[in-house]
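The values are calculated or read from the model by the stated rules, or taken from the named source; none is laboratory data. A quick note: this is a predicted structure, and the numbers were derived from the prediction, not measured. Here the Cβ is made from the backbone with ideal geometry for all residues, glycine too, and neighbour counts use every protein chain on show. Just so you know, the surface numbers come from the protein's heavy atoms only, side chains and all, with ligands and any DNA or RNA stripped out. Shrake-Rupley method; radii C 1.70, N 1.55, O 1.52, S 1.80 Å.
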Amino acid sequence: MMTLFFYPNESSFINVDQSIFRRFLHIRSYCLNQPKGKGHYLLALIGIIPRVLLSFRSRLTICWFADYHAFLMVLAAKICAKKSVVMVGGFDAVHYPEFAYGVFHKPLRRFCATWALKNCDLIIANHSALLSSNNTYYNPDGHPEGLFKLIPNLHTKAIVVENCITTKAPAYVPPIRTRQILCVGTTPRFEDFYNKGYDLMLDAALEFPDWQFVFIGLDPRWLDAVKDKYHTPLMPNLTIHHSLPHSRVLQIMSETDIYVQASISEGMPNALMEAMLYGCKPIGSNVAGIPTIIDNQGIILNRRDPQKLIEALKRCMETDADRQAISQSISTRFSLEKRTSKLHNAICELT
């Protein structure tokens, strides 16, 4: 079946889904270049409606993330009686006004996402928390999250298909590691430094001067602000990378003792899966898919508190880990075959 597939930017998990869909659909893909700036994204948005309307052979449209582009895709699909699927991954299922996070923060963006989700034929989320949940890690009294809590009278069919790991498992998982703690998370906005829990990690870096702390993903635009606010030049045990080749990130994971994902908001973080695949002992916040990924292989943080993270790190440092078991757990539970089967079944039922 001819299918149009729209996505905002190039990323590993979207490329995985493209390869999955190509197993049973004839896919025509369109990258909208959202990270390149408003001009690039606007030009791509303008092209969505004619592409859907003039693709006479297509019967299905799919997009990643509920955003401006989802509105245009679903609208065009409805005009020409085509099915539409919106895939939801995290940013499009939460709202944190205090640090301007989530597509529901801006009125027009909220309208576009809401209309698309109410009018598409199927919603696919990568974790049940993105449909309905309560974030007590960030707010002990609970912070409502998920589409069915943020959108009144949403009745669109929604299913959960968890992410998969496609990185090849290492043949050998080294049991002996350097005294190193790793955190990976991109920061397209300065507020993401807080969202990803980097501020908590800086408190921990001061507490454990004999351990190396490595951050991967901090945008260079925020380095001066971080230096001024947190005095990072005074932390000789801290290394910050903007970005690294994927192979280098995996190498660092294979050498690292502990991986931390202390995010306020997430979906199913691929970096956490990869770190565990490479045998890192995991610590993560009790948010969305993080505890699902960690399962019983690490420590879950139930409250956003630097002291709680420090205590968890102490426990983790003192714990012997079966790193091969950690790796095998990820390979078994989040296989490519499982995601492929569930996506195939969902599309077959829809069409």
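Estimate the FRET efficiency between residue 350 and residue 219 by the formula 1/(1 + (r/R0)^6), using the beta-carbon distance for r and 30 Å for R0, to the nearest 0.05.
0.20
For the cross-link pairs 38/106; 149/314; 196/281, which exceed 26 Å when the distance is taken from alpha carbon to alpha carbon?
Beyond 26 Å: 149/314.
Hey, of (1) 78, 45, 41; (2) 84, 45, 32; (3) 63, 43, 36, which did the structure itself give for Cα extents along the principal axes in Å when calculated?
Working out Cα extents along the principal axes in Å from the coordinates points to (3).
Based on alpha-carbon centroids, what's the gap between segment 174-212 and segment 13-84 in Å, whole number please?
Spelled out, the Cα-based centre of one part sits 36 Å from the other.
Only helical DSSP H runs with n ≥ 4 go in: add -39500 (n - 2.57) per run for the chain, normalise by residue count and round the 222 nm mean residue ellipticity to 500 deg cm²/dmol.
Calculated from helices alone, the mean residue ellipticity at 222 nm is -11500 deg cm²/dmol.
So, how do all the Cα-to-Cα distances of segment 105-236 break down into 5 Å bins, in percent, from 0 on up?
Each 5 Å bin holds this share of Cα pairs: 2, 8, 12, 14, 14, 14, 14, 11, 7, 4, 1.
Kirkwood Rh and Cα-based Rg: tell me the resulting Rg over Rh for segment 173-219, rounded to two decimals.
Radius of gyration over Kirkwood radius for segment 173-219 works out to 1.04.
Mind pulling the angle between the C-alpha long axis of helix 12-21 and the longest principal axis of the chain? Nearest 10 degrees, somewhere in 0 to 90.
40 degrees
Write down the accessible area per residue of the chain in Å², having rolled a 1.4 Å probe over the full set of protein chains.
Here the per-residue accessible area is 43 Å².
Full extension from residue 332 to residue 99: what is 0.36 nm times the residue separation minus their Cα-Cα distance, to one decimal in nm?
Result: 80.2 nm gained on full extension.
Using DSSP, restrict attention to beta bridges with both residues in the chain and report what percent are antiparallel, rounded to the nearest 5.
Of the beta bridges lying entirely in the chain, close to 5 percent run antiparallel.
Counting only protein heavy atoms and using a 1.4 Å probe, what share of the accessible area of segment 47-199 belongs to carbon plus sulfur, as a whole percent?
About 59 percent, which is the carbon plus sulfur part of the accessible surface.
Relative to the longest principal axis of the chain, what angle (0 to 90°, nearest 10) does the C-alpha long axis of helix 198-207 take?
So the helix axis and the longest Cα principal axis differ by about 10 degrees.
Gap in Å between the Cα centre of segment 249-273 and the Cα centre of segment 96-146?
Computed from Cα coordinates, the inter-centre distance equals 23 Å.
Which angle between 0 and 90 degrees, to the nearest 10, do you get for helix 306-317 versus the longest principal axis of the chain when only C-alpha atoms count?
Computed tilt is about 70 degrees.
Which order, highest average first, do 82-95, 139-152 follow once you tally other Cβ atoms within 10 Å for each residue and take the mean per peptide?
82-95, 139-152
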